Amino acid sequence: MCWWKRLIFSVISLVWGFVSLDYLYYAFSKLTNAKGRPESYAPESDGLMQLLGLLMFIIWFFIIAAYFWLLRKSSPQIDVVEEDYKTGKQTVKKKWFDIVLQAAFILTGIILRWAYIIYIYLPNA
């Protein structure tokens, strides 16, 4: 992959990770009915919100899968053929560097958002 493509994907991954933490927290709060009042549960309205939270999780995983598919198609499809020197058997190893790198950038964005919330936002609240 060219350096400029890798740079664009890295920025997208960092932003996606930074935004994902809030999105997943909101989806989880909808899924678990986190209103703070369990005695006021109404299946007609609260059950719909729980389904919305589940749908939000499914959409997030679908977007991640589509993003990794796009990364896989954008990266070079060069496989490495290695030969075991003892047995002489050849094995094919696939290249996963770009996907692992972008997954690391997504996790870095999530950790940066978490650190912002813990060290900057909450002490001032």
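A few points about this structure:
- Placing pseudo-labels 7 Å out from each Cα toward the beta carbon at V11 and I59 gives an inter-label distance of 2.5 nm.
- Segment T108-R72, extension gain: residue separation times 0.36 nm, minus the distance between their alpha carbons: 10.9 nm
- Between D22 and C2, the simple spin-label model (points 7 angstrom out along Cα→Cβ) gives 3.3 nm.
Every number here is computed from the coordinates shown, using simple stated rules; none is lab data. Just so we're clear, the structure is a prediction, and the values are computed from it rather than from any experiment. Note that we place each Cβ from the backbone using ideal geometry, even for glycine, and neighbour counts take in every protein chain shown.
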